[in-house]
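FYI, it's all coordinate maths here, none of it is from the lab. In this text the structure is predicted, and so the values were computed from the model without any measurement. Cβ coordinates were reconstructed from backbone atoms using ideal geometry, including for glycine residues, and neighbour counts include every protein chain displayed.
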Amino acid sequence: MRDHTKAFCKLATEAFDCPGPVYEFGSYQVEGQLDYADLRSLFPGKTYVGCDMRAGPGVDRVEDVSAMTLGDCQAGTVLCIETFEHVFEVRRAFDEVFRILKPGGLFIFTSPLNFRIHAYPDDYWRMTPNCLRRMLTPYDARLSGFQGYHKFPHTVMAVAAKEPAPADFSARAGKFSAAYDAWLAQDRAGRPMGLKLKEAVGRIYRSKGERYQVDHYHSADLTLDIGRTSLAQAG
């Protein structure tokens, strides 16, 4: 889990009403992320079930997100933060999340695109923004997009609501987008001076594409879709 994906999840919980129970898939806290990757405190007073394919820190229930043992319409909110790149049957996993969500349930999602291979326990996929947008077409309302340089973003992300979506989803999405942009601006401004100097010196020998990646790292572009959109229209 990276700082911006944790912030994305935190701000989503503040902008949207996240019904319980909450199920996180990919909750195993790998070495170096104990406690940091624990999202339970974002959902006070709600039942929280951490799920992963293997037992370990942060895992309450062993589940394969692409072949769940959970019943239909059982989850109020599903979190998949930096998870689906590790799921081989990724299309089936999207279907399973939709199946277990209650009507009006929320799906909060992030996944890396321009990022190193990281095997926990393995790494299979990278998803473009348009791919994610099409995967979410069954949902009644979707806020999806990317962060980074638009020709090769480093992260794709989304918040989606199963039908019936809250009537104020659009207003909440606008509030969330503004809050996330503000967080990104603050994070960029708050970087250590040493890092800023290193980036400035690096511009001398970096390629144009690499400079674009650095310059746009803190830029986010999110698209709001309301109502079910056909696969041909989305993306």
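Between rounded, prolate and oblate, where does segment 137-235 land on the alpha carbon gyration tensor, with a ≥ b ≥ c its root eigenvalues, rounded for a/c under 1.5, else prolate if a/b exceeds b/c? It would help to have the intermediate numbers written out before the result.
Working: a/c = 4.89, a/b = 2.03, b/c = 2.41.
Note, shape of segment 137-235 comes out oblate.
Distance from the C-alpha centroid of segment 57-72 to that of segment 116-152: 21 Å, rounded to the whole angstrom.
Within a straight-line Cα-Cα reach of under 29 Å, Lys10 can be paired with the following lysines, leaving aside sequence neighbours fewer than 8 residues apart in one chain: Lys46, Lys102, Lys151, Lys162, Lys175, Lys196. Extension gain for the segment Glu199 to Ala7, taken as residue separation times 0.36 nm less the Cα-Cα distance, is 66.8 nm to one decimal.
In the elastic network of the chain, a GNM with C-alpha springs shorter than 10 Å, the most mobile of Gln147, Gln74, Gln186 is Gln186. For segment 1-81, just say rounded, prolate or oblate: build the C-alpha gyration tensor, square-root its eigenvalues into a ≥ b ≥ c, call rounded for a/c under 1.5, and beyond that prolate if a/b exceeds b/c, oblate if not. Verdict is oblate for segment 1-81. Modelled label positions at Asp168 and Val62, each set 7 Å beyond Cα in the direction of Cβ, lie 4.3 nm from each other.
Between Arg126 and Thr223, what length in nm is gained on full extension when 0.36 nm per residue of separation is reduced by their alpha carbon distance?
Details: separation 97, 0.36 × 97 = 34.92 nm, distance 1.94 nm.
Stretched fully, the Arg126-Thr223 segment lengthens by 33.0 nm.
Relative to the longest principal axis of the Cα atoms of the chain, the long axis of helix 90-100 lies at roughly 50 degrees. If the chain linking Tyr212 and His118 were pulled fully straight, counting 0.36 nm for each residue of separation and taking away their Cα-Cα distance, it would gain 31.5 nm.
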